[in-house]
Number of protein chains: 2
Amino acid sequence: MLTQKVLGVKGEEDPAMGRPKDTGRTAGAGRGAEGGRTVGIKDVARAAGLSITTVSHALNGKGQVSTRTRERVRQVAEELGYRPNPAAQVLLSGRTGVIGLAAGHQSSEPWERTYRPYYAAFTAGAMVEAVDRDYALVVVPVGPGTDLWTRIPMDGLIVVDPIAGDPVINEALRRGLAVVTDGRPIDPAHAELPYVQSDIVTGIGLVMDHLHDAGARRIGLLSGSELDSFTLDSEQTYAEWCTTRHLPAAVERTAPGEPARDAARRLLATRPDAVHALNRTYGEAVLAAAQALGLSIPGDLMVTVMDEVEPGTRPALTTLSLDPRRVGSACAAALIDRLTGAEPEPVTVPSRLVPGESTQRG
Amino acid sequence: MLTQKVLGVKGEEDPAMGRPKDTGRTAGAGRGAEGGRTVGIKDVARAAGLSITTVSHALNGKGQVSTRTRERVRQVAEELGYRPNPAAQVLLSGRTGVIGLAAGHQSSEPWERTYRPYYAAFTAGAMVEAVDRDYALVVVPVGPGTDLWTRIPMDGLIVVDPIAGDPVINEALRRGLAVVTDGRPIDPAHAELPYVQSDIVTGIGLVMDHLHDAGARRIGLLSGSELDSFTLDSEQTYAEWCTTRHLPAAVERTAPGEPARDAARRLLATRPDAVHALNRTYGEAVLAAAQALGLSIPGDLMVTVMDEVEPGTRPALTTLSLDPRRVGSACAAALIDRLTGAEPEPVTVPSRLVPGESTQRG
DNA sequence: TCGGATTCCCAAAACCTTTTGGGTGGCGGA
DNA sequence: TCCGCCACCCAAAAGGTTTTGGGAATCCGA
């Protein structure tokens, strides 16, 4: 009886399918040099015996065109397979319907970040929001010597973690693009830009309180060399927290190009009983350095990290999660608000603490 | 001593930064209705007292222009902040430097898939490949009633899991776009398209052998309602495997719109001792249905699933992983080959089996 | 039959750049 | 002195669409 089903599966299939033995070679279509030029509105007009104007009006429901003519134009256009050239429409209207997402720091290997969970989730959130509002999102690489993005038409740009004097922002503004940033712009020249930020102040507070409650008294911070608001605010909030509690503070930063593990080693040399790391890489570096020193976790050292966790899973390291999907969504919303004339609402997205084993003593 | 460091951090910062108390309101720039129109090549020509032609030549290093003039043009253009309008360049050259990635089936909620790990990894792979070869990647939503993607200029399109008579492919071809698919095109009309595919035949073989080695003799397959090559090839390979081994086969499909759990229940009613599920959702549905029946895993029922696992982690469910990043990369490469005149190499990306607890008896 | 209002349609400008195919003036050689 | 060549530059077309500002019929009432 089971076998019957399988036969059924085999038999009732579309006859079109065959085993994949054919090679996937290239086809004929395309705007190549071959015969078939694309059919333009001009061709439709000629075929219908009408003017270009009338065809345009008929197709777009704009001007005064008799119903009969309108219908005939539709018919002819359909037969010819006419499709308006998007590039021409963009040139004319100035509106592309595309917003860009600048991925990658000027200061770092641009694409390394793409793989990171934060970017992936951010992108997904921004994409959905954009599409909901009838925009497409193009993720563009930026970085030293990468000007590809300037050659692709777009209406606005989302810049993640802007830095002081951010060249991408400057170039975008010069081009007349609307700009929204994820993270407060550091540069005073960009202070007027709309932005979305994660609630780092509260988030760092959550982490520190959590560690403190777990018994930590010498909490170190492993930070980065990038001067974005996330890093700066994290460091500052951390410092204020320590000062308020009259507890010692130790910040260590990875120099540009330096392996995170070296910075982690330096930090552990200050003998902290807990460390908060500003991203996953740094967190792993702390773990590695701790292991090299024979420190047990969480017994000798508690570790927390800024990272993204899959919803519903429990991370090994206690994690401060920034909800990047919501941040991305908010960025896209703000940018599109700006493009459509609405005043973007300043947004602060709350972060949440996901406890893991790395801070659970006993 | 620890405290000193913190003071250092607070003190040596760029004076530009301040606490984030200012609201992120909108700025002034933009091509809005306000005064500042964008400066075009015409403005540069006028300012330099030259013709448009000469300016263009000077800026692009094309025609015969004296070094002195060339330099002066550069100077003026810089001062005016001239940037060529990408839309005009696209209209003229016909080349956008953008390739699209169609996300979502015509038959399914378009965005549901975006969140899936497969898409995320696929996108990342395609994006990196595209950028390496000086193309940008725009992820466009497709689905019933979604024609947004047709309005954005691009040179080619990657279609994931094409179905019979795929409307996206047809529309793309009609527009003269180059098309590459992830998964062999089902429709005979698209048989000539270049494609990249995962090695499903080998992959299913791995899964079935693995289950068989673990003692399974009545292996069921939980499949989907989409008629793409992934589904079809999986089912067919599965059926052939069962036939060759003279073992019973049971395939159950979720009807469109039907909760996966119902199909899983139907499948378990055939009393299999192992089930392979064609995606994560289906795998979870099998687990849920098994639990409802009081079946223990892997004791009473072994479960395998097609899914992506983070490299270096061990999944709970034994997983057939398709290496979507490589697939995405190969798709982008093939598409760009096609655009640049090269003949795309047909590619088959191997899949790998990652054993988990769900098939380890004893 | 004429004027005016309608109805339907069209020519041309505009969007911005690149490229083609000259055109102009100066210089050297004859 | 004249011719040809060279160096430098430019006008105009092309690319495909939308929109502006009419223009030519047609129809109605007077």
Task: Complete set of residues in the range B:322-343 that are crowded, with 22+ Cβ neighbours inside 10 Å and small (Gly, Ala, Ser) - done: B:328, B:329, B:330, B:332, B:333, B:334
Task: Members of the range A:125-156 that are open to solvent by 10 Å² or more (accessible area, probe 1.4 Å), small (Gly, Ala, Ser) and part of a helix (DSSP H, G or I) - done: none
- [ ] Among residues belonging to the range B:35-87 that are of a type in the set (D, E, K, R) and over 43 Å from the mean Cα position of the chain (by Cα), point out the one that is nearest to DNA strand C (Cβ to nearest atom).
- [x] B:46
Open item on the list: Could you tell me how many of the residues in the range B:190-206 are farther than 20 Å from residue B:127 by Cα and in contact with a helix residue (DSSP H, G or I) (Cβ under 8 Å, 6 or more places away or on another chain)?
Closed with: 6
Task: Search result, residues across the range A:60-72 that are within 11 Å of DNA strand D (Cβ to nearest atom) and either more than 14 Å from chain B (Cβ to nearest Cβ) or in contact with a Lys or Arg (Cβ under 6 Å, 6 or more places away or on another chain) (or both) - done: A:61, A:62, A:63, A:64, A:65
TODO: Would you check if residue B:133 is modelled with pLDDT of 65 or more, under 24 Å from residue A:86 (Cα atoms), basic (Lys, Arg) and within 16 Å of DNA strand C (Cβ to nearest atom)?
DONE: no
TODO: Show the residue pairs that are 6+ apart or on different chains and have beta-carbon atoms under 7 Å apart, the first residue being within the range B:203-225 and buried (at least 23 other Cβ atoms within 10 Å of the Cβ), the second being of a type in the set (Val, Ile, Thr) and in a loop (DSSP other than H, G, I, E, B).
DONE: B:220/B:270; B:224/B:254
- [ ] Scan (1) part of a helix (DSSP H, G or I); (2) surrounded by 11 or more Cβ atoms within 10 Å (Cβ to Cβ) for the single condition residue B:68 breaks and write down its number.
- [x] (2)
- [ ] Collect the residues in the range B:297-326 that are within 13 Å of chain A (Cβ to nearest Cβ) and assigned to a helix (DSSP H, G or I), keeping them in residue-number order.
- [x] B:324, B:325
Task: Qualifying positions in the range A:101-121 - at pLDDT 80 or above and closer than 21 Å to residue A:281 by Cα - done: A:118, A:119, A:121
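Yes or no, residue by residue, for (1) open to solvent by 20 Å² or more (accessible area, probe 1.4 Å); (2) aromatic (Phe, Trp, Tyr); (3) facing chain B (nearest Cβ under 7 Å):
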| residue | (1), (2), (3) |
| --- | --- |
| A:160 | no, no, no |
| A:163 | yes, no, no |
| A:167 | yes, no, no |
| A:171 | yes, no, no |
| A:175 | yes, no, yes |
| A:178 | no, no, yes |
| A:183 | no, no, no |
| A:189 | yes, no, no |
| A:199 | yes, no, no |
- [ ] Name every residue in the range B:242-252 that is more than 7 Å from chain A (Cβ to nearest Cβ) and buried (at least 20 other Cβ atoms within 10 Å of the Cβ), in order of residue number.
- [x] B:252
Open item on the list: What are the pairs with Cβ atoms under 7 angstrom where one residue, in the range A:188-202, is without any contact (Cβ under 8 Å) to a residue 12 or more places away in the chain and the other, located anywhere, is surrounded by fewer than 21 Cβ atoms within 10 Å (Cβ to Cβ)? Sequence gap at least six, or different chains.
Closed with: A:188/B:16; A:191/B:22; A:192/B:25; A:192/B:27; A:192/B:28
Open item on the list: Suppose we filter A:98, A:9, A:90 for residues that are within 8 Å of chain B (Cβ to nearest Cβ), at pLDDT below 90 and surrounded by 18 or more Cβ atoms within 10 Å (Cβ to Cβ); which single one remains?
Closed with: A:9
Task: Residue list for the range A:157-179, filter: part of a strand (DSSP E or B) and closer than 23 Å to residue A:95 by Cβ - done: A:157, A:158, A:159, A:178, A:179
Task: All positions within the range B:344-362 that are open to solvent by less than 60 Å² (accessible area, probe 1.4 Å) and of a type in the set (Lys, Arg) - done: none
- [ ] For the range A:226-238, enumerate the residues that are modelled with pLDDT of 95 or more, more than 9 Å from chain B (Cβ to nearest Cβ) and open to solvent by 10 Å² or more (accessible area, probe 1.4 Å).
- [x] A:237
Task: Extreme residue, least open to solvent (accessible area, probe 1.4 Å), among residues of the range A:255-267 that are touching a strand residue (DSSP E or B) at 6+ places or on another chain (Cβ under 8 Å) and within 20 Å of residue A:228 (Cβ to Cβ) - done: A:263
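The values are calculated or read from the model by the stated rules, or taken from the named source; none is laboratory data. Since we're looking at a predicted model, the values are computed, not measured. Glycine gets a Cβ as well: all are built from the backbone with ideal geometry, and neighbour counts include every protein chain shown. For accessibility, only protein heavy atoms count, side chains too; no ligands or nucleic acids. Shrake-Rupley method; radii C 1.70, N 1.55, O 1.52, S 1.80 Å.
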